[in-house]
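Colleague: Have a look at this one before I ask anything.
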Amino acid sequence: MQPAGDGAILTAEFIASVGNIRRFTSADALAAASGLAPVLTQSGKVRYSRARNRRRQIKRVFCQAAFCSIQCDPTSRAYYDRKRAEGKRHHQALIALARRKINVLYALLRDRQPFQARPPLRLVA
């Protein structure tokens, strides 16, 4: 079973774009290569974060998967809604979800384990 939002076409595009997952030492390295990790840029006293556009194909795959998973996966929708409640705009919340999907996919490929959806944790008051 694939993570929600990752269809056969997106999975094939991901494999074609990335190749061997072992090229990346961590999920952070994969996120940086895809342009989903912010990069701190500074000039003199001015500092700001920006997105690096390295491999647009990988970024597009994860953003499309995140967008699809908002519509069909309750866990992804809850994460997206939480980010929106924190004051993030749609695009920012979508990027945050895509970044989270990178972490999940990297762990699945690193550990060679199939995806198992877990029910969301409920806090007992």
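FYI, it's all coordinate maths here, none of it is from the lab. This one's a predicted model, so the numbers in the text were calculated from it and none came from an experiment. As a convention, Cβ positions derive from the backbone with ideal geometry for all residues, glycine included, and neighbour counts pool all protein chains shown.
Colleague: Mind checking which of 17, 98, 36 is farthest towards the positive end of the stretch 8-111's charge dipole, using Cβ charges of +1 (Lys, Arg) and -1 (Asp, Glu) about the Cα centre?
Modeller: The residue sitting most towards the positive pole is 36.
Colleague: Need the list of lysines near residue 59 for cross-linking: C-alpha distance under 28 angstrom, and skip anything on the same chain fewer than eight residues off.
Modeller: Of all the lysines, those that pass the test against residue 59 - Cα under 28 Å, at least 8 places apart if same chain - are 83, 88, 101.
Colleague: Restricted to Cα positions, what overall size does the stretch 8-111 have along the principal axes? Three whole-Å values, descending.
Modeller: 46, 35, 22
Colleague: Also: Using the number of other C-beta atoms within 10 angstrom as an exposure proxy, rank 34, 26 with the fewest first.
Modeller: Fewest-to-most ranking of 34, 26: 26, 34.
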